Structures are given as C-alpha cells and as structure tokens.
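Since every read-out is calculated from the coordinates, none of them should be taken as a lab result. Since the structure is predicted, the reported quantities are computational estimates derived from the model, not experimental observations. Heads up, the Cβs are rebuilt from the backbone with ideal geometry, glycines too, and the neighbour counts pull from every protein chain shown.
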Amino acid sequence: MSFNHKTIEELHDLLVSKEISATELTQATLDDIKAREEAVNAFVTVAEEAALRKQKAIDEKESMQITSCQGFHSLSKTISQQMAS
C-alpha cells in the first residue's frame with residue numbers, strides 16, 4: 001500500500017487512530033523508494049533495517065500516544081538523514 005497520496009495531516013490521523021502503525025508507514029515508504037529509486041537515483045544509501053527498527057520501537061512502546069506526528073517525524077528525519085549522506 002502506498003501513502004504518497006496522503007497529506008501529513010491524514011497520515012497523522014491514521015497513526016493516531018492506529019489504522020496504520022509507524023512500521024507499516026515506514027515499510028510502505030521504503031517500498032515506494034525501492035520501486036522508484038532506479039529511475040530517480042535520489043538516495044546514496046537507504047538504511048532500511050535501521051528505519052524499520054526505529055519505527056518498530058515506536059510501535060512497541062505501549063505507553064506512547066502519538067499526538068503530534070511523532071512517528072511520521074521520525075520517519076521523515078530518517079529519510080532526510082539518508083538523503084544527506
């Protein structure tokens with residue numbers, strides 16, 4: 001499933017309502033990168049395992065309530081760090 005057509009607000013709502021997990025969003029984003037990377041050559045390195053590990057840790061924190069796009073911001077930061085490498 002791709003979330004490219006969703007706004008940040010829509011993604012936030014999906015995360016807060018637990019319709020999707022941070023891991024699912026991350027995996028979908030990584031799948032999109034894989035599908036397009038050969039054509040666009042935008043990344044030097046994609047740290048897939050690290051991104052998934054970080055998002056899984058977020059998902060596993062039972063006491064954590066996503067209230068301000070924390071999962072998406074973490075994913076965005078991971079992708080930005082990859083782009084800067």
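If R0 is 25 Å, the Cβ-Cβ spacing of A39 and H5 corresponds to a FRET efficiency of close to 0.85. Volume per residue for region 1-61 equals 86 cubic angstrom (convex hull of Cα atoms). Here the label points at E19 and D32, each 7 Å from Cα along the C-beta direction, are separated by 1.6 nm in the simple model.
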